[in-house]
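Enquirer: Here it is, the structure, as structure tokens.
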Amino acid sequence: MNTRPCRMVTSRYPAEGSVVMAKIDAIHSNNITISMLEYKNLKGRLLLSHDTTCVDISRLGRVEPLKAISIPQAKMELRPLGNTGLKVSSVGFGASPLGSVFGPVAEVDAVATVREAFRQGINFFDTSPYYGGTLSEKMLGKGLKALQVPRSDYIVATKCGRYEEGFDFSAERVTKSIDESLERLQLDYVDILQCHDIEFGSLDQIVSETIPALQKLKREGKTRFIGITGLPLSIFTYVLDRVPPGTVDVILSYCHYGVNDSALVDLIPYLKGKGVGVISASPLAMGLLTEQGGIEYLKALF
């Protein structure tokens, strides 16, 4: 159960006998900007809930100081991630939609979605500067900041090497990339920094240049752990067989652990032997079960 400093606002509006419970974010002139707003009747039944709204102070009753308001958080299974010591929720939050990748997403909706995910017990959030041309990182950063919980309460993974303008796995670019990502995320460090879709670059460059650059960033405290991501499973064995044990902490594989393709299962013993954590992304193959289906190149693979 998490608690946060706040105030309580009580009122008989919008309905007779209703009580407004809210966290006050800001006061501007005659208006109060509030979040986590809930209207409940005297029997406790939820009448209406908003994430963020602006209320005319003249229509509110008394404003009383309150030490804390308890925000219930659902429990979700936590699983160890390789040898990192991290315990991540069994369901993670893929933040690419926050970059309006699949359609426009308003900031208020992005923030509300992050808050609801956290409330449901999700503690792992994955993003990339590539998603929405850096917009995903910006929106996720705002959503995480709005949680107002200790940094240790959530785990953030971002990526490097793939950008809106193309791929660049050079040491210089990935070093600059993490500083840009931290600024957008409004964080001092990320938990996992991953080389993004390495099959589109030179795997030998990943081994000899990119990963050593990420190791330096790890020593500097900008990331706690290092990961690699991609679609072909062969890229993981290629890299892991060519770097010292413990160099790569995590791999992210997508579309290989679902109803249509479970090839990742065969690789698990190898990855476990290497002490590498596994993140399985896109378990529904990026839209395979929708009327539109998955994206074209995935259709060709299936």
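Enquirer: Roughly what % antiparallel, to the nearest 5, for the DSSP beta bridges in the range 155-243?
Expert: 20 percent
Enquirer: What does the C-alpha gyration tensor say about the overall shape of the range 78-301? Classify as rounded when a/c is under 1.5, otherwise prolate if a/b is larger than b/c, or oblate.
Expert: It comes out rounded by the Cα gyration axes.
Enquirer: May I pose another question? On the principal axes of its Cα set, how long, how wide and how thick is the range 66-203? Give whole Å, largest value first.
Expert: Dimensions of the range 66-203 along the principal axes of its Cα atoms: 53, 37, 25 Å.
Enquirer: When only alpha-carbon atoms are used, what values of Rg and Dmax, in angstrom, describe the range 163-223?
Expert: Taking only Cα atoms of the range 163-223, I get Rg and Dmax of 11.3, 33 Å.
Enquirer: Here's something else I'd like to know. Within the range 78-301, what percent of beta bridges assigned by DSSP are antiparallel, to the nearest 5?
Expert: Values: 5 of 28 bridges.
The answer is about 20 percent antiparallel.
Enquirer: State, to one decimal in nm, how far the label point of ARG173 lies from the label point of ALA263, with both points 7 Å from Cα in the Cβ direction.
Expert: Spacing of the two 7 Å Cα→Cβ label points: 2.6 nm.
Enquirer: Kindly provide the Kirkwood hydrodynamic radius of the range 125-238 in Å, to one decimal, from all pairs of distinct alpha carbon atoms.
Expert: That comes to 14.1 Å for the range 125-238.
Enquirer: Continuing with the same structure: For the range 217-273, report the % of Cα-Cα distances exceeding 19 Å.
Expert: More than 19 Å apart: 33 percent of the Cα pairs in the range 217-273.
Enquirer: What list do you get for PHE102, PHE125, PHE167 if you sort them by fewest beta carbons within 10 Å?
Expert: In increasing order of surrounding Cβ atoms, one gets PHE102, PHE167, PHE125.
Just so you know, all these numbers are worked out from the coordinates, no wet-lab data involved. Since the structure is predicted, the reported quantities are computational estimates derived from the model, not experimental observations. Note: ideal-geometry Cβ built from the backbone for every residue, glycine included; neighbour counts use all protein chains shown.
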